[in-house]
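Contents: one structure, followed by commentary.
The values are calculated or read from the model by the stated rules, or taken from the named source; none is laboratory data. Fair warning: this is a prediction, and the values are worked out from it, not measured in the lab. As a convention, Cβ positions derive from the backbone with ideal geometry for all residues, glycine included, and neighbour counts pool all protein chains shown. All accessible areas refer to the heavy atoms of the entire protein, side chains included, with ligands and DNA or RNA removed. Shrake-Rupley method; radii C 1.70, N 1.55, O 1.52, S 1.80 Å.
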Amino acid sequence: MSWAVRTEVVQAEGVTEETATAERLTLRPPANRVSRRAMGYWAVWAAVGWVILVGGQAAFVFTSDDAPTWLVVTLTISCVLAPLHLLVMPQWRYRIHRWEVTGEAVYTQEGWLKQDWRIAPISRIQTVDIERDPVEQLFKLAKLTVTTASAAGPVKISGLDHADALALAAELTKTTQATPGDAT
C-alpha cells in the first residue's frame, strides 16, 4: 500500500547519517490523502453546527412578535452560507489533508482556512493512539495521534480508514521500537 513506511538509504561521500536525516526532514507536502469518507464526516459535523445556529435563529425569528431586522438578515445570510459551506468545505479539506510516514518521520498537513504542516521524527515518538468518535465509527474512520517529545503537541492524522489506521499504528509502533533513541 502507498502508506507503508519507507526507509531511505544515503550513499553519498562525506555525508553523515545525522546530516542526511536533517536534509530528509524538510517541510514538504505529504504524499497520502485521507479516506474519501472523511468528506462525509466533515459535512455531518458542519451540518450539526449549522442546524443549531439556523435553528436557534429561526426559532427566535418565528416566535417573536417583532423580530429585529438584523436577526432576519443574519438568518437569511446563514441560510445562504450553510449549503455553500457544506458543499465547499469538505472537498477543500480533502484536497489539503495529507499524511505520510517514512523511515525517519511522520508528515502531516491539515486545515482548510488555517493550514498546519508538521513533521515528527520517528526517534521522537512516544505513543501512538487511535481514537474514534461515534460519527467516525459510522463512517468507518479513525484518528491516529502520534505523541512526541515536542512542545507543539501531538501530531494527528484524522480521516483515516479504520483498517488503515490500525495497520499504520502497528507499523509505527514496530518502527519506533526499532529506532534507537529515547524519544526525548
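Structure notes:
- Among the residues making up segment 22-55, those that are open to solvent by 50 Å² or more (accessible area, probe 1.4 Å), over 15 Å from PRO83 (Cβ atoms) and in contact with a helix residue (DSSP H, G or I) (Cβ under 9 Å, 6 or more places away or on another chain) are ARG33, ARG36, TRP45.
- Of all the listed residues (ALA67, ALA58), the sole one being open to solvent by less than 30 Å² (accessible area, probe 1.4 Å) and outside any helix (DSSP H, G or I) is ALA67.
- Flag for VAL135 being outside any strand (DSSP E or B) and open to solvent by 10 Å² or more (accessible area, probe 1.4 Å): yes
- Counted residues, segment 100-137 - those being aliphatic (A, V, I, L, M) and touching a residue at least 60 places away in the same chain (Cβ under 8 Å): 5
- Output for segment 26-62, where each listed residue is among the polar types (S, T, N, Q) and within 30 Å of GLU104 (Cβ to Cβ): THR26, ASN32, SER35
- Residue that is farther than 24 Å from VAL54 by Cβ, open to solvent by less than 50 Å² (accessible area, probe 1.4 Å), out of contact with any strand residue (DSSP E or B) (no Cβ under 7 Å at 6 or more places or on another chain) and β-branched (Val, Ile, Thr), where the choices are VAL128, VAL101: VAL101
- Within segment 141-154, residues that are more than 27 Å from ALA43 (Cα to Cα) have Cβ atoms under 6 Å from residues that are open to solvent by 50 Å² or more (accessible area, probe 1.4 Å) and in a loop (DSSP other than H, G, I, E, B) in these pairs: THR147/PRO154; ALA149/THR184, counting only partners at least 6 apart in sequence or on another chain.
- Check on ILE96, β-branched (Val, Ile, Thr), open to solvent by less than 80 Å² (accessible area, probe 1.4 Å), closer than 30 Å to LYS174 by Cβ and out of contact with any Gly (no Cβ under 8 Å at 6 or more places or on another chain): no
- Boolean, THR26 is within 28 Å of the chain's Cα centre (by Cα), assigned to a helix (DSSP H, G or I), modelled with pLDDT under 90 and under 27 Å from HIS97 (Cα atoms): no
- Number of positions in segment 138-161 that are more than 20 Å from ARG93 (Cβ to Cβ) and open to solvent by 50 Å² or more (accessible area, probe 1.4 Å): 3
- Qualifying residue in segment 111-118 (condition: of a type in the set (Lys, Arg) and in a loop (DSSP other than H, G, I, E, B)): yes
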